[in-house]
1. Which of the residues belonging to segment 200-230 are assigned to a loop (DSSP other than H, G, I, E, B) and either within 16 Å of ligand 1 (Cβ to nearest atom) or outside the structural domain of Ala161 (by TED's automatic domain parsing) (or both)?
2. Cβ contacts < 6 Å: first residue touching a residue at least 12 places away in the same chain (Cβ under 8 Å) and polar (S, T, N, Q), restricted to segment 49-70; second residue open to solvent by less than 60 Å² (accessible area, probe 1.4 Å) and not in a helix (DSSP H, G or I), any location; separation 6+ or different chain. Result?
3. Of all residues in segment 292-322 being surrounded by fewer than 22 Cβ atoms within 10 Å (Cβ to Cβ) and hydroxyl-bearing (Ser, Thr, Tyr), which is farthest from Leu4 (Cα to Cα)?
4. So if I check each of Val244, Val282, which one is over 20 Å from Pro123 (Cα atoms) and within 17 Å of the chain's Cα centre (by Cα)?
5. Could you please give the count of residues in segment 1-10 that are open to solvent by 10 Å² or more (accessible area, probe 1.4 Å) and either more than 16 Å from ligand 2 (Cβ to nearest atom) or without any contact (Cβ under 8 Å) to a residue 60 or more places away in the chain (or both)?
6. Test of understanding: among Ala106, Ala38, which residue is of a type outside the set (S, T, N, Q) and over 26 Å from Glu164 (Cα atoms)?
7. Is it fair to say Ala266 is within 16 Å of ligand 1 (Cβ to nearest atom), outside the structural domain of Gly138 (by TED's automatic domain parsing) and surrounded by 20 or more Cβ atoms within 10 Å (Cβ to Cβ)?
8. Residue check, Phe128 against (1) within 13 Å of ligand 2 (Cβ to nearest atom); (2) at pLDDT 95 or above, all met but one. Which one?
Amino acid sequence: MRVLGIESSCDETAVAVYDEIDGLLSHRLYSQVAMHQAYGGVVPELASRDHVRRLLPLVRQALADAHSDKDSIDGVAYTAGPGLIGALLVGASFATALGVAWRKPALGIHHLEGHLLAPLLEPKPPAFPFLALLVSGGHTQLVDVAALGSYRIVGETLDDAAGEAFDKTAKLLGLPYPGGAALATLAESGRSGQFVFPKPMLDRPGLDFSFSGLKTAALVALRGRDLLPTVRADIARGFQEAVVETLAEKCRRALLQTGHRRLVIAGGVGANRRLRERLAAVGTDLGAEVYFPRTEFCTDNGAMIALAGCLRLKAGMRSGLGMSARANWELGSIGV
Ligand code: KG4
Ligand code: ZN
C-alpha cells in the first residue's frame, strides 16, 4: 500500500509519499512564510492562490523522489480540515481530481489526526493506545488515543492555543511572524527567574488549559521598559517557562488519570526544545515512554497526511471518500 499525501490547510504546501512497508519515500514542502511576513500573519486569499501555484510541481517532485507514478500509488490522502477553507479546498479538489483521473481512492484526513500520528514516522514508533499532547497554532488538546480513529479529548484550551500564545507574545516582543520558534530562540539567552509569569490553571484540578492571560502578563512586563535585548530575552524565557511548566504538569496529571504508559507529543509547539526536555523528564518520573516526531514533522507537513491515509486505507476505512473540506471539525467526532 502506497499513498500520496497532500497538506494545504494553512501556509504550507506539503506533499509526501508513504509506503506501508518501506516507510516514508519522499516529502516536499513549500513554506509561504516569506509571503505572509509583510502582513504580520497569514492572509487566507493569498494562501489559497499560492497553494494553487505550488501543488502540481510539488506532487511531480515528490513522486519523482519516491520513484513512483500513478500506477504504484494506491490512494491520495489530503487534509480535509480543520483549517482555512479556501486553502483546504485547493488540496481537496486537487486530490479528488487526481483520484478520479488515476482511478484511486481519495481520502480526507483530519489535520490533527495527522499530527498525532506523526511520531509513527520515526524508527521507534509508539504502539496504540497512548495519550497525545497536541500543541499547534490553532489547538491545544490532550487526547486519549485508543486506536486509529478513536480519539477522546480529555483536556483542551478554553481560549488561546499554546502556539497562538507563543505567536502573540512574540509579536509583542517585536519578533517577525511566525514568532513561536523565534521566541524560543530568544528565550535560550534569557535568564530564568527575572520575570515570573502566572502558570494558568495549575491551581485547580482538571486537564484544561488557558493561555490568553499570558500575553496580557507579557504586555504588563513590557510596559514602561526599554526594550533592551536582555530584557526581551528574560521576558521570553519567563513566558516560555510558564507555558512549558503548564503543559508538563497537565501531561503528568493526564498520564496518572488515564493510566497510559505512552505519551506522544505532536504539533508545531512540540518542536520546542525546552518542552521536549521537560516532557522527557515527566516520562522518566512516571515510568512512561515519551515519543516525539522529528522537529520538521512537528510543524505542518505532508508526511503525516500520507501516513494517516495509508493506515486508514489499510484498515479499510473509506469514510473519507467523496470530497470534503471543513474549516471547523472536532477531532473527537471523526471515528473510523
Ligand atoms: O502544527 P503547526 O505547524 O500548525 C498548525 O496546525 O497550527 O503549528 C504552528 C505553531 C505556531 O504557532 C508556531 O509559532 C509554533 O507552532 N511553533 C513553536 C516552535 N516552532 C513552531 N512554538 C514554540 N517553540 C517552537 N520551537
Ligand atoms: Zn498543524
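1. Residues of segment 200-230 assigned to a loop (DSSP other than H, G, I, E, B): 200-208, 210-211, 223-228.
Selection gives Phe211 alone.
2. From residues that are touching a residue at least 12 places away in the same chain (Cβ under 8 Å) and polar (S, T, N, Q), the pairs are Ser68/Val17.
3. Only one residue tops the list, namely Thr295.
4. That would be Val244, the only listed residue that is over 20 Å from Pro123 (Cα atoms) and within 17 Å of the chain's Cα centre (by Cα).
5. 2
6. Testing whether each residue is of a type outside the set (S, T, N, Q) and over 26 Å from Glu164 (Cα atoms) leaves just Ala106.
7. Working: within 16 Å of ligand 1 (Cβ to nearest atom): yes; outside the structural domain of Gly138 (by TED's automatic domain parsing): no; surrounded by 20 or more Cβ atoms within 10 Å (Cβ to Cβ): yes.
It is false that Ala266 is within 16 Å of ligand 1 (Cβ to nearest atom), outside the structural domain of Gly138 (by TED's automatic domain parsing) and surrounded by 20 or more Cβ atoms within 10 Å (Cβ to Cβ).
8. Here Phe128 meets the rest and fails (1).
The values are calculated or read from the model by the stated rules, or taken from the named source; none is laboratory data. Just so it is clear, the model here is predicted, and its values are computed rather than measured. All Cβ positions, even for glycine, are placed from backbone atoms using ideal geometry, and neighbour counts span all protein chains on display. When the accessible area is computed, the model is the full protein with side chains, heavy atoms only, and any ligands, DNA or RNA have been set aside. Shrake-Rupley method; radii C 1.70, N 1.55, O 1.52, S 1.80 Å.
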